[in-house]
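All remarks here apply to the structure that follows.
All of the numbers you see were taken from the coordinates with simple rules; none came from a lab. From a predicted model like this one, the values you see are computed outputs, not experimental measurements. FYI the Cβ positions are ideal-geometry reconstructions off the backbone, even for glycines, and counts take in every protein chain you see.
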C-alpha cells in the first residue's frame, strides 16, 4: 500500500469489517461441520472456500471482479495443492 500510495483507511473500512466477519463465520461453520461429517470432507470444504470467496466478491464487492487471470490463478493454486508429495 505504501508503494502504491494507497491510504490505509480509504473508505473501505466497512467492507473490510464485513469480509472479516464473514471469514470468521466461514471458519466457525467449518468447525461446526466436523460434528456432522468426517475430517476429510471438512478439508475439502476448507480448500474450496477460495472459490466461494472469489465468486462472492465478484457479485458483492464493487471493483473486485473475477476475470480470466484470477480464474486461472485460482485453478493453478488449487491444482498445486492437489499434487502428490515427491
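Beta carbons within 10 angstrom, averaged per residue: use that to sort the peptides 23-30, 52-59, highest first.
Numbers: 23-30: 11.5, 52-59: 13.6.
Averaged packing, sorted descending, gives the order 52-59, 23-30.
Once the Cα gyration tensor of the chain is found, what semi-axes does its equivalent ellipsoid get, as square roots of 5 times the eigenvalues, in whole Å, sorted largest first? Mind dumping the intermediate values first?
Values: eigenvalues 152, 76, 29 Å².
Calculated on Cα positions only, the semi-axes equal 28, 19, 12 Å.
Report, in deg cm²/dmol and to the nearest 500, the calculated mean residue ellipticity at 222 nm for the chain, where each DSSP H run with n ≥ 4 adds -39500 (n - 2.57) and the sum is divided by the residue count.
Working: 3 runs with 57 residues, N = 86.
It comes out at -22500 deg cm²/dmol, rounded to the nearest 500.
Contact order normalised by length for the chain, with contacts defined as Cα pairs under 8 Å and 6 or more residues apart; what percent is it? Intermediate values should be presented prior to the final figure.
On the way: 21 pairs, mean separation 13.4, N = 86.
16 percent.
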